[in-house]
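Contents: one structure, followed by commentary.
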Amino acid sequence: MGDIDTPDEYTSARKLVLRAEKREAALTKNSTGGLGADFSHLPLKADHIQRPVWTCPDGSIFLEAFHDLYVAAYDFLVAIAEPVARPEFLHQYKLTPYSLYAAVATNIETEAIISVLERLSKNELPKEVKKFIRDCTMKYGKAKLVLKHNRFYVESEFPIVLRELLRDPTIAQARLMEDTENVDEQGFTTYTKAEEMKENLQILREPDEDSDDEDRDEVQKVKKPTVVVSFQVKAEAVEQVKRQAIELDYPLMEEYDFRNDQINPNVPQFDLKPHTRIRRYQERSLAKMFGNGRARSGIIVLPCGAGKTLTGVTAAQTIKKSVVCLCTNAVSVLQWKFQFQLWTNIPDENIAVFTSDRKDTINPGACVLVTTYTMVSFSGKRSDKAQEIMDIITSREWGLLLMDEVHVVPAKMFRRVVGSVKAHCRLGLTATLVREDDLISDLNFLIGPKLYEANWMDLTAQGYLANVQCVEVWCPMTGPFMKEYLMASNSRLKQLLYVMNPSKLRATEFLVRFHEERGDKIIVFSDLVYSLKKFAEMLKKPLIYGETPEYERQAILGTFRSTDTVRTICISKVGDTSIDLPEANVIIQVSSHFGSRRQEAQRLGRILRPKSYTQQDGSNRSSFNAFFYTLVSTDTQEMFYSAKRQQYLIDQGYTFKIVTNLCERADKEAVEKGYAYSTPENDRDLLRTVLGSETELEKDQRAEDTAIRRTNADGAALADASVKRTAGLTMAQMSGGTGLRYRESSSGSSKKHPLFAKRQRQGR
């Protein structure tokens, strides 16, 4: 593989991203949109009451979730637009170049998009929107790169598109002439096109029987030709052709005709077990991927607890070719291996694990390899065994590159992954397709468009997810703590003061007692290990953090899952992912990772798995069977971080109930029942302990990070490759919204002896 600094797929994708941004900026500039925009002048249709959608000149679309045509309109809008916010009664979507790219990727034509949107819209479709749709889809989706019969073809339904591509000398030189029967007068190979599944095109039909006949005829006119044309390209020139097509603004959507791949062998016995059941929304996501009988590259977004792993396993066994499954850490690797063996009949010798601690032998035939992003992208010197396995990975063809939690992968690391694994199809899985840097935009072209995104609230109403009541509890800072908070100059001390606020400790003990009496199972989350130990000591509950031995961790989790002996456990950030606790139904969050929206969604995901008593007829919309408490010290910086963290969940339709009087009840009950911190003297003792524990705090956090690296070396590099707190970052990055981990550096430690500074530079 070439050096990553040379022009590569990532560089080409950035060009497409910049073009998309220009088109989107032009749409916003040409409209009167923006914050507080007034579109009341838009003329409504005479029968606007019967139509569920408002379409604004800036590309914003608003859907009435209570309308009779909601289901049909939702299926259409989620296929052509990006969801912005989906509260209970009114959804907001946004037309973007990426969403339209995803639409044409699944064979939805330009005029069909305009026609159906016109039919659903209460107002006349703005001319700016029509122009934007046509501009974005004029070239996107018009050409595909298809691997068929082990040969690469550039395929299109329009001969003029292929002629335009072949005018470029690089593409023309890469063309491989064929001597076949099905060749037209222009030298293109012709064959019948792969038809799209009817289910995927169902969104284009009339939503009701009362619609105008003219509209129905107009949609029916928009039909694809039954014949497509193509030309073959040399296998060694495929990457050059893809890059050059991007230069011409014709990005080639990749499809893998895996059923006609006779060279790469199938994984033996790679079938779903009889007990495996695929849910309806999982079927729909896979229908988008395999809609025309081939495997499309792209991204599937499903909520935490909704079965992303089973969706990925089903996609892999549908293709049945060799698979590389990439995870964020070693624990996830073992869980994915277990899921492959749980849901399919794959033999043990055909599935291998490649981590820093375990390096299985890779089957020379077809196999499934589960590893981490770090192991594949590592650029330093490897052990002999690791290098041998990497040579095998880079030297063979893979049918599918399956990427879990794809949103967290830093761009440079992803470039190395793409350059190392030669896969014919790429599938990204995530629950939170959210970042505030440019990486999400890049994924549209590095992996493929977003194929499917499930609605959290719809899955909750259908009983596939627990119905969670989200509560923000305001905890007033006690006088002495607030005085020290205002005087503190150290940001870490400020954080410790608002986390160890005595009102917050009493509220935690009150909530734990209340929910244990109800028979609930509770997780107390704290990012600060020092405060986690104090909370666990106060509650007399077991705790799990980075330094907890594995045998002790499994013993605590096992007891929590299977008995009522332990109803509450305290966990640090090691529990954000890779810990499966379906029995838990209450989370109390006392400390978090600044403003990270991703962490908020991940922690909510710990209690999202459906409970045994969840109704599946939609009647559970107003009855909560899980509770997510965030305890916030009022009048502190924690309130800003909390508001930022909640935004992603609010956009998914969750509402946060703010409770301001719980601490009053907790203070009263603390005195009556003798809580650990029930008197002003207790509070003052706690304050003295906190003010003298800054060294202990730093020691605990360093030990936590060291332990995480030791027990999860594969995930550590991934975390370090994310945001570092330094000069020149945006406010979004500094508030924690863009990365996995904060790295604090003290100004006092920056002064080093020149000799040691030189050694440090040489060691990098």
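So if R0 is 30 Å, what FRET efficiency would LYS540 and ARG358 give, r being the distance between their Cβ atoms, rounded to the nearest 0.05? That gives a FRET efficiency of 0.20. Note on surface exposure: ARG296, ARG280, ARG167 rank ARG167, ARG280, ARG296 by accessible area, highest first, 1.4 Å probe. Find the centroid of the Cα atoms in region 469-497 and in region 127-165, then give the distance between the two in whole Å. Measuring centre to centre over Cα atoms gives 57 Å.
Between SER491 and ASP38, the modelled labels are 4.2 nm apart [label points 7 Å from Cα along Cα→Cβ]. With 23 Å as the limit on Cα-Cα distance, the pairs of LYS521/LYS611; LYS242/LYS320; LYS273/LYS321 that go past it are LYS242/LYS320. To put it simply, the accessible area of region 44-138 at a 1.4 Å probe is 61 percent carbon and sulfur.
Taking each residue as 0.36 nm, the span from ASP391 to GLN240 lengthens on full extension beyond its C-alpha to C-alpha distance by 52.0 nm. Put simply, when 456-463, 251-258 are sorted by average Cβ atoms within 10 angstrom per residue, most first, you get 251-258, 456-463. Near SER121, no amide H atom lies under 5 Å from its own; only residues 5 or more places off or on other chains count, and H is placed 1.01 Å from N. Karplus-derived 3J(HN,Hα) values for region 420-431, using 6.51 cos²θ - 1.76 cosθ + 1.60 with θ = phi - 60°, are 9, 10, 8, 10, 7, 9, 10, 10, x, 10, 7, 9 Hz; glycine and proline are entered as x.
Taking 8 Å as the Cα distance limit and 6 or more residues as the minimum spacing, I'd like the relative contact order of region 44-138 as a percentage. Computed value for region 44-138: 36 percent relative contact order.
For region 472-486, backbone phi angles converted through the Karplus equation (6.51, -1.76, 1.60; θ = phi - 60°) give residue-by-residue couplings of 9, 9, 7, 10, x, 6, 5, x, x, 5, 5, 4, 5, 4, 5 Hz, Gly and Pro being listed as x. This model, with +1 at the C-beta of Lys and Arg and -1 at the C-beta of Asp and Glu, gives region 228-306 a dipole about its Cα centre of some 540 debye.
Take the alpha carbon atoms of region 621-666, find their center, do the same for region 669-685, and report the distance between the two centers in whole angstrom. Between the Cα centres of region 621-666 and region 669-685 lies a distance of 25 Å.
Amide H contacts for LYS94 (H built 1.01 Å from N in the peptide plane; partners 5 or more residues away or on another chain; cut-off under 5 Å): ILE61, GLU82, VAL84.
Working from label points 7 Å from Cα in the Cα-to-Cβ sense, the ASP75 to ARG561 distance is 3.8 nm. In this structure, the amide hydrogen of PHE152, modeled 1.01 Å from its nitrogen in the peptide plane, lies closer than 5 angstrom to those of VAL233, counting only residues at least 5 positions away or on a different chain. From most to least packed by mean Cβ count within 10 Å, the peptides 628-641, 236-249 give 628-641, 236-249.
Summing charges over neighbours of LEU581, with a neighbour being any other residue whose Cβ is under 14 Å away from its Cβ, gives +4 when K and R count +1 and D and E count -1.
Considering only beta bridges that DSSP places wholly inside region 280-460, some 5 percent are antiparallel. Listed values for region 688-700 are Karplus-derived 3J(HN,Hα) couplings in whole Hz (6.51 cos²θ - 1.76 cosθ + 1.60, θ = phi - 60°), namely 4, 5, 5, 5, x, 10, 4, 5, 5, 4, 4, 4, 5, and x replaces Gly and Pro.
Taking all protein chains together, LYS385, LYS288 sort by accessible area into LYS385, LYS288, largest first [probe 1.4 Å]. Taking 0.36 nm per residue of separation and subtracting the current Cα-Cα distance, fully stretching the chain between GLU672 and GLN262 would add 140.0 nm.
Charging the Cβ of each Asp and Glu at -1 and of each Lys and Arg at +1, and nothing else, the dipole of region 44-138 about its Cα centre rounds to 160 debye. With every protein chain left in place, what is the accessible area of VAL406 in Å² (1.4 Å probe, nearest 10)? The value for VAL406 is about 0 Å².
Distance between the pseudo-spin-label points of ALA46 and GLN469 (7 Å out from Cα toward the beta carbon): 5.0 nm.
The values are calculated or read from the model by the stated rules, or taken from the named source; none is laboratory data. Owing to the predicted nature of the structure, the values given are computational and were not obtained by experimental measurement. Counting neighbours? That spans all protein chains shown, and the Cβs are built from the backbone with ideal geometry, glycine included. All accessible areas refer to the heavy atoms of the entire protein, side chains included, with ligands and DNA or RNA removed. Shrake-Rupley method; radii C 1.70, N 1.55, O 1.52, S 1.80 Å.
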